[in-house]
Structures are given as structure tokens and as C-alpha cells.
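Just so you know, all these numbers are worked out from the coordinates, no wet-lab data involved. None of these values were measured; they are calculated from a predicted model. Ideal geometry is used to build each Cβ from the backbone, glycine not excepted, and the neighbour counts take in all protein chains shown.
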Amino acid sequence: MSRFLPKQGWPILLASLAALGTLTSCGRSDGQIDNGPAAREENGADWPLYGRTFSANHYSPLREINSDNIKGLKLAWSLDLNETGSLYTSPVAVNGTLYFAQGYSVIHAVDAATGKLLWKYDPEVPKRAGKKMRTAWGSRGIAYWNGAIYAGTLDGRLIAVDAHSGKLLWSAITTEAPDDGRYITGAPWIFNGKVVIGHGGADFDLVRGYVTAYDASTGRKLWRFYTVPGDPQKGFEDPALERAAKTWTGEWWKYGGGGTVWNAMAYDPQYNRLYIGTGNGTPWNQKIRSPAGGDNLYLCSIVALDANTGKYIWHYQVNPGETWDYNAAMDIELATLKIGGKDRPVLMHAPKNGFFYVIDRETGKLISAKNIVPVNWAKGIDIKTGRPIENPAARFPNGQGFMMSPSSAGAHNAQPMSFSPQTGLVYIPAQENSLWYSDKGVDLKNWKPLRGTGYNTGLSQEPPPRPMPPTKSYLLAWNPLTQKAAWRAPLPALWGGGITSTAGNLVFIGTAEGKFEAHDARNDKTLWSFNAQAGISSQPISYSVNGHQYVTVLAGYRGIVQASPWDYRTQRRRVLTFSLDGKAPSLPDPEPSQPRQFVTDPGFTVDPAKAKAGLGVFITANCFNCHGLNLEAGGMAPDLRESTVPTSREAFTQILHDGLLVERGMPQFSELSPQQIEALQHYIRQTTRAAIAGKATPSAGPQIRQ
């Protein structure tokens with residue numbers, strides 16, 4: 001994501017790290033306006049950006065904590081957080097202060113050595129976000145530069161806050177209209193006095209992707225690059241978009257097109273380029289948005305832009321004609337590898353589609369690509385053309401369904417991977433999963449999109465004809481030179497946290513079951529484990545204060561893919577910080593887990609037809625994104641099976657339709673009719689009673705494609 005920014009005109013220092021032999025981090029710029037974190041970047045004292053440096057390796061060169069003494073790692077301090085928003089984010093640490101954004105971009109500053117809260121800034125997102133609150137993920141990361149903290153908000157603002165006082169410095173609207181469907185969950189990226197931000201929204205609305213650069217000091221807009229072409233009758237903003245339009249068919253611009261840059265980017269000071277990773281198409285099904293096919297540039301691509309102007313330089317598309325919610329928005333990590341006896345500046349990438357790519361940074365040409373998990377949508381990647389060798393059945397022709405691996409959840413999703421120049425390995429939170437794709441029964445010619453109320457898949461709502469294969473998750477150590485696995489360590493469930501590796505031969509990762517672990521970076525051995533008493537969705541970071549190394553992770557779970565033991569109301573949300581000389585008392589014992597207290601409501605008579613309609617509302621209104629599949633909430637919202645609110649039509653209407661709890665994070669659904677609210681009641685009651693009886697109910701799983 002963002003790398004630390006040099007002052008324009010100051011010398012560029014390439015990080016050769018010759019002692020490491022064939023593998024090094026990519027070059028970086030050493031001069032800094034504030035002579036703070038950048039001057040200390042190579043010694044690892046600070047972690048100022050998502051990914052720490054321009055190279056975005058999520059790697060710390062600190063080695064005070066190492067594989068020999070990791071068993072002595074102790075809790076230095078913990079901080080319980082009162083807010084209930086998600087902790088699906090990565091902190092930053094600069095000059096002894098830790099910063100992070102909880103939930104709806106509520107920024108916190110904490111003394112990194114003691115855990116004392118210094119200040120908190122609330123951008124009051126629920127008052128502005130409207131339907132965008134339904135995406136619900138919250139902030140994935142923030143950035144520091146020159147005395148300011150930068151963050152995006154769900155309503156589409158980019159804000160800069162004074163790092164010392166928590167006062168707002170400036171705010172910029174990054175969207176084209178308040179209700180244009182664009183929202184921000186990703187971290188800002190900073191370089192050369194510019195701060196760049198993308199946006200999400202391609203799943204939920206008619207969105208056309210772009211990235212925008214702003215002056216980091218003032219918030220003044222500098223340039224914008226659109227990732228897909230718009231209406232040809234209105235002209236093209238860039239010659240690259242005119243060329244891209246030749247790879248689209250039909251009237252794609254009426255659907256927005258997609259290609260949002262919702263997560264990863266990287267800055268390359270060696271070439272003064274910004275690499276952006278683009279997302280899926282809108283709608284997912286290419287037969288609707290581009291009916292005669294085509295590559296649909298620049299969907300699902302890595303695009304290299306001139307960092308000064310935002311002009312196109314080159315692209316590499318991992319999935320031409322994307323149609324599965326695959327995207328290239330996962331980590332873009334930069335390194336120098338010795339290939340064929342020569343040092344090659346490369347870009348490493350593990351997107352959703354299951355392959356690991358090594359790409360030449362100068363030319364954008366593919367060097368190598370191999371699958372990291374079992375895949376069935378392609379036989380492999382043609383090195384000469386760079387294109388996948390597709391399985392024709394993966395396009396689900398003529399309404400024929402296809403059980404595709406990986407699914408839209410991806411072999412690797414937004415949780416960051418990490419590259420260690422010390423071991424030469426990339427550490428990936430990898431997943432094996434499948435999903436049934438079909439558009440049987442879909443009126444492709446007359447398909448109508450949902451506007452901000454659900455996933456625009458363009459796929460069938462029918463369940464698969466057979467059960468989904470079981471999922472697997474593991475910490476994967478991958479050798480980018482040989483394109484082979486070095487080792488695997490099983491993980492308990494999907495959707496744990498991101499990864500940080502260190503020069504101490506350690507790999508840190510938090511799990512969905514609530515363990516914070518350190519693995520030996522050279523093998524799959526678990527060297528240390530801590531019971532966080534809450535699931536972990538965030539990425540740990542490491543930094544030093546007064547010459548001593550610390551490791552911090554945020555604990556508090558947020559997921560939708562499977563049942564979670566973490567209850568929205570009772571789970572702890574904490575900042576946990578560790579050091580070798582940590583003297584904090586142990587965490588208090590958690591309250592004994594109690595059986596779920598499902599509300600029976602015996603006087604309610606379930607109408608199966610209304611319950612089925614309620615499932616449809618639950619899907620299209622995007623309720624599952626917070627309340628979980630089959631109402632098995634994953635920590636982001638209350639378990640509706642335990643709530644008395646749906647038993648009262650009046651209370652349910654006040655919250656859903658009237659927006660009674662908007663400022664507490666519950667979105668308003670003013671478009672729902674009384675009949676739809678009633679149908680939701682029947683679905684909730686039916687699902688609750690089935691859970692009490694231990695029976696299965698119709699699931700949102702096959703329909704949501706996520």
C-alpha cells in the first residue's frame with residue numbers, strides 16, 4: 001500500500017542489502033521532510049505505512065526478538081477498547097506512538113511503550129455514509145507522514161489528522177457524488193508529497209473504478225486515473241482508456257464496469273511508479289456487462305502509473321475477461337531477485353485466482369507463475385503470452401454450472417502476505433475453497449442491477465446440486481524463485497489475520513480462533529502462542545521504542561464466511577503489545593462461555609413462503625455482511641437469533657426502515673416495505689427455531705458468492 005515519501009529532488013537510495021545475497025527488498029528513497037520515520041526506515045524503528053516501507057513487504061528488520069528467545073516474549077500492555085466496530089485493520093507506529101483506526105475510521109493514538117490512550121478522533125461516518133454502511137468492513141489501514149495520520153472513510157472522504165493532537169487538518173471528498181456507491185476501506189499510499197487513495201463499491205453499485213492523488217499537505221486534488229473506460233461518446237480521459245475500450249463490448253458503461261482499487265498499491269522509487277491492483281467487474285457475470293466477451297481492461301490487473309502524473313505505463317492482467325469476482329487487489333510486494341544470474345527488479349503478487357506471479361517491474365512482463373493451491377479454472381499460465389490457459393467449463397456456458405476452485409473468497413484475500421529478504425520466502429495466509437457458478441434462469445439481456453442493496457453478481461440464485469467441498473486454511477511459505485512451497489502450517493479456519501515476518505527468523509500471525517502465534521520462518525514449527533481471548537482479523541506490526549523491540553496486534557473478530565464463536569456483544573476488543581521484558585499482568589480470565597440464548601417466541605407462526613422471501617431480502621439487502629450466513633454472526637453485529645427486536649414489528653421497523661440505530665452502526669433500509677420486513681421476521685424465526693432443534697435451514701451461502 002503506501003510507502004514512505006521522499007521530498008522531491010532529494011536523492012534516491014536503493015536498498016541493496018548486499019549481505020543478503022540473491023534476495024533484497026526493492027529500492028527506497030531515504031530523504032524525508034520530517035527526518036523522522038524515513039530516516040529510521042532501514043533499522044525498523046518505525047512502522048509508518050501499511051506494509052512498513054515502499055516495498056510493502058510487511059517485514060521488520062528488527063531481530064532483538066528472535067527464534068532463539070521467542071519463548072520469553074511477554075505481554076507488555078493491553079488496552080481494552082470500548083467501541084464495538086471491527087478491528088479489520090493494521091496499525092502504524094512512529095516515534096513511540098501507536099496509531100490505528102477502529103470500525104468506522106475512529107483513529108486512536110496510544111503510547112507504544114505503556115498503552116496509555118493519548119487521543120481519539122471520530123470522523124462521524126454513520127452520520128454521512130447512508131447505504132454505504134452496509135458494506136460494513138471498516139478501515140483496513142492508515143498511514144503516517146510528516147506529522148499527520150491519513151485515513152479513508154466509508155462515506156468516501158480522505159482525511160488528515162494531526163498526529164500529535166488528533167485535530168483534523170483537512171478533509172477531501174474522493175467520490176463523484178454522495179450516492180455514487182463508492183466507499184473507502186483501504187489504506188492511503190504516500191510518496192513524494194502525494195497521498196493516493198482508491199475505493200470500493202463494484203459489488204454493490206454501478207461503479208467505475210479510479211485512484212486519485214492529493215497533495216499530502218493541503219488535500220488539493222492532483223490527478224485521477226480511471227481503471228476502466230467510460231461512455232465512448234463522452235471521450236476518454238487517457239489514451240490508455242481509448243485502447244482499453246476496444247476490449248469491451250456492448251454498453252458496459254451503463255453498468256459502471258468495476259475495476260475498483262479497494263486495497264493494494266505500491267510505490268517504486270527506482271522507476272518513480274505507482275502500481276495499483278484493480279478489482280472485479282460490475283456485474284460479476286461478463287455475459288451481461290460485455291456480452292461479446294473481450295479482455296475488459298483494466299479489470300483484475302496490475303497497472304503501472306507515472307507517480308507524478310498518474311499516466312499509464314504498462315499493465316498485466318491476471319484474469320482477462322474476469323467473471324468470477326476475482327481481482328488483483330491483494331498485496332503488491334516489491335523485491336530484487338537474482339534470476340538467471342542477474343538481479344531483476346520484480347513485483348510479487350498472489351491474487352484470489354490461486355496463482356503466484358513474479359513480474360518484471362520495468363517492463364510488466366511475466367517472469368513466472370505457479371498455483372499455490374489446487375485450481376480448476378485454468379491448467380496454468382502461458383509464460384510467453386502471460387495469459388491463463390482457461391478451462392472452458394469455468395465460463396459456465398449455456399447455463400451449465402461449474403464448481404470453481406478457488407471461490408470468490410480467493411486462495412489469498414485482503415489479509416496481507418509478507419516477504420522476508422532474509423529467508424527469501426513469501427508467507428501467505430492461503431485458503432482452499434470452492435463455489436458453484438451458474439447463470440441458469442438469469443435473463444442476461446434484461447438483467448437489472450441492484451443499487452447499493454446487494455451483490456451484483458448476474459448469477460443464478462439456485463443452490464448448487466451438490467455440497468461444497470470442505471475448506472482448508474494454512475500459513476504457506478512460498479519460494480518465489482522456484483515457485484514451490486517451502487512449508488505449510490495448518491490454520492483452524494478461514495479469515496484470520498495478516499502476516500508479518502522479521503529478521504529474527506519469525507513469522508507472526510493471528511488466527512480466527514483467537515491465537516496469536518510466532519512460527520519459525522525457516523520451517524513450520526510453532527515457537528510461541530498467546531491466547532488473545534478474541535479472534536484476530538488484523539495484521540501484527542513490529543517496531544522499537546527506546547531501543548527495545550515490540551510486537552502489536554489488534555484482537556477482535558469480524559468475519560462472515562463461517563460460524564464464529566465470537567459474539568458481537570461479549571467479545572473483547574483489545575490492543576495487545578508484547579516485548580521480551582513485558583511485565584503486564586495476565587489478561588483477566590474470560591467469562592465462562594454461555595450457551596446461545598435463542599429467542600423462542602412460541603406465539604409466532606412461521607409461514608414457509610414468507611420465510612423463503614425473507615431469505616431473499618436477507619441476501620439482497622446485504623444483511624449477511626454483518627449478521628453472518630444463516631444468522632451465525634461473525635462478530636460484526638448482534639446474533640439476531642438471540643435478539644428480541646425481530647419479535648416486535650414496531651421495533652423492527654423503527655430500526656430497519658426508520659434508522660433508529662444508525663449512529664450506533666446499524667444501517668437504515670428505508671426502501672424495505674412492510675411486507676419485506678414481515679418476511680425477514682419469518683426468516684429469522686424459522687432459522688432460530690431450526691438452530692434450537694439442531695436442524696439446517698436454507699442458507700445464504702450459495703447465493704452471496706462471497
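What relative contact order, as a whole-number percentage, does the stretch 244-393 give when Cα pairs under 8 Å and 6 or more residues apart are counted?
17 percent
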With a 10 Å Cβ neighbour count serving as the proxy for reagent exposure, in which order, fewest first, do His349, His108 appear?
His108, His349
How would you order 368-374, 55-61 from highest to lowest mean count of nearby Cβ atoms within 10 Å?
55-61, 368-374
Per-residue HN-Hα couplings for the stretch 615-621, Karplus 6.51 cos²θ - 1.76 cosθ + 1.60 at θ = phi - 60°, whole Hz, x for Gly and Pro?
4, x, 5, 4, 7, 5, 7
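By count of other Cβ within 10 Å, fewest leading, how are Ile389, Ile381, Ile359 ordered?
If I rank by nearby Cβ atoms, fewest first, I get Ile389, Ile381, Ile359.
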With +1 assigned to the C-beta of every Lys and Arg and -1 to the C-beta of every Asp and Glu, and no other charges, what is the dipole magnitude of the chain about the Cα centre in debye, to the nearest 20?
880 debye
Once the Cα gyration tensor of the stretch 608-704 is diagonalised, what are the square roots of 5 times its eigenvalues, in whole Å and ordered largest first, as equivalent ellipsoid semi-axes?
19, 15, 13
Need the C-alpha centroid separation for the stretch 281-318 versus the stretch 176-193, integer Å.
18 Å
Under 19 Å between alpha carbons, and skipping anything fewer than 8 positions from Lys525 in its own chain: which aspartates and glutamates qualify?
Asp68, Glu513, Glu517
Which ³J(HN,Hα) values in Hz, rounded to whole numbers, follow from the phi angles of the stretch 492-499 under the Karplus curve 6.51 cos²θ - 1.76 cosθ + 1.60, where θ = phi - 60° and Gly and Pro get x?
x, 6, 5, 6, x, x, x, 10
Please sort 111-120, 293-302 by packing, taking for each peptide the average over its residues of neighbouring beta carbons within 10 angstrom, highest first.
293-302, 111-120
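Going highest first, how would you order 239-246, 460-467, 47-54 by mean Cβ packing within 10 Å?
Peptide ranking by packing, descending: 47-54, 239-246, 460-467.
How large is Rg over Rh for the chain, taking Rg from the Cα atoms and Rh as the Kirkwood inverse mean of 1/r across Cα pairs?
Answer for the chain: 0.94.
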In sequence order, calculated HN-Hα J values of the stretch 292-306 (Karplus, 6.51, -1.76, 1.60; Hz; x Gly/Pro):
9, x, x, 6, 6, 5, 10, 5, 6, 9, 9, 10, 9, 10, 5
In which sequence would Tyr543, Tyr226, Tyr326 go, from the one with the fewest C-beta neighbours within 10 Å to the one with the most?
Tyr226, Tyr326, Tyr543
Give me the percent relative contact order of the chain, please, defined on Cα pairs under 8 angstrom at least 6 residues apart.
13 percent
Run the reach check for Lys167 against lysines, Cα to Cα strictly under 30 Å, same-chain hits fewer than 8 apart removed. What comes back?
Lys7, Lys116, Lys120, Lys127, Lys131, Lys132, Lys194, Lys221
For the stretch 519-590, what is Rg from Cα atoms divided by 2.2 N^0.38 Å, rounded to two decimals?
1.28
